[in-house]
1. Listed residues Thr41, Thr27, Thr73; which is β-branched (Val, Ile, Thr), without any contact (Cβ under 8 Å) to a residue 12 or more places away in the chain and either more than 26 Å from Arg161 (Cα to Cα) or open to solvent by less than 70 Å² (accessible area, probe 1.4 Å) (or both)?
2. Confirm whether Leu169 is surrounded by 13 or more Cβ atoms within 10 Å (Cβ to Cβ) and either in a loop (DSSP other than H, G, I, E, B) or touching a Ser or Thr at 6+ places or on another chain (Cβ under 8 Å) (or both).
3. Considering only residues that are hydrophobic (A, V, I, L, M, F, W, C) and in contact (Cβ under 8 Å) with a residue 60 or more places away in the chain, look in segment 44-60 and name the one that is surrounded by the fewest Cβ atoms within 10 Å (Cβ to Cβ).
4. Among the numbered criteria (1) outside any helix (DSSP H, G or I); (2) surrounded by 14 or more Cβ atoms within 10 Å (Cβ to Cβ); (3) basic (Lys, Arg), which single criterion is violated by Arg161?
5. Given the criterion at pLDDT below 90, open to solvent by 30 Å² or more (accessible area, probe 1.4 Å) and touching a Leu at 6+ places or on another chain (Cβ under 9 Å), identify the matching residue among Asp63, Asp116.
6. So Glu36 clears everything in (1) buried (at least 17 other Cβ atoms within 10 Å of the Cβ); (2) under 19 Å from Glu8 (Cβ atoms) except one condition, right? Which one?
7. Can you tell which of Leu174, Leu144, Leu182 is in contact with an Asp or Glu (Cβ under 9 Å, 6 or more places away or on another chain), within 19 Å of Ala69 (Cα to Cα) and open to solvent by less than 90 Å² (accessible area, probe 1.4 Å)?
Amino acid sequence: MPKILNDEDIYHAVLETVIKQGYAGATTKQMAEAAEINEVTLFRKYGNKAQLVQLALGAMAADIDLEQAAIYTGDVSADLFRVVETYQETAEQYGQFFYNVLLEIPRHPDLAPSLDMPLNMINDVSDLLARYQADGVLVQEHPLQSVAALWGPLMITNMLRNVSPEVSLPPVDLARHVDQFLNGRRL
């Protein structure tokens, strides 16, 4: 009897393989072995390595519900806290996978569609910040600069944790981070 394929198990195997091997070093054979299926079955159902990575990123985005992170409620502190909390949860759960893929895009153009999910999230947060700027709550600046200021410290901290796990970094106090961001940008 053939094995019943569970997409979630396949995507988890893709994530783990890319985290361990990097994108360039990961093979579909390794992914298939991690998922405990035949490599031919993996190709037939899911496609090549780049397609598998894109599917895994799509599943990751669905799991996180990124669209709900950047909803405008009129409470700038609560909205930005939700944005950074979602970012932090995503980075803790999937950061190493995403960083590995992101670094490989210049050498593997077939990965370019993998940028859709993070770019959509950046655009959603940019739109949220632009709305608060238009409301006169935040200072006027390019919304992408605001996104960089909001997420930049979190990105650096998470990247350092992924690259050097032996470096002891204190946990980020997200509420304080949002307060500090707003103290420099609230009108």
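1. When all the criteria are applied, what remains is Thr73.
2. Taking the combined requirement at face value, the residue does not satisfy it.
3. Ala50
4. All conditions pass for Arg161, except number (1).
5. Asp116 is the lone residue from the list that is at pLDDT below 90, open to solvent by 30 Å² or more (accessible area, probe 1.4 Å) and touching a Leu at 6+ places or on another chain (Cβ under 9 Å).
6. (1)
7. Leu174
Let's see how each residue does on (1) at pLDDT below 95; (2) under 22 Å from Asn162 (Cα atoms); (3) surrounded by 14 or more Cβ atoms within 10 Å (Cβ to Cβ):
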site: Tyr87; (1), (2), (3): yes, yes, yes
site: Ala91; (1), (2), (3): yes, yes, yes
site: Gly95; (1), (2), (3): yes, yes, yes
site: Ala112; (1), (2), (3): yes, no, no
site: Asn123; (1), (2), (3): yes, no, yes
site: Gln133; (1), (2), (3): no, no, yes
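The values are calculated or read from the model by the stated rules, or taken from the named source; none is laboratory data. These numbers were taken from a predicted model, which means no experiment stands behind them. Here Cβ is always computed from backbone atoms with ideal geometry, including for glycine, and neighbour counts include all displayed protein chains. Accessible surface areas use protein heavy atoms only, side chains included; no ligands, DNA or RNA. Shrake-Rupley method; radii C 1.70, N 1.55, O 1.52, S 1.80 Å.
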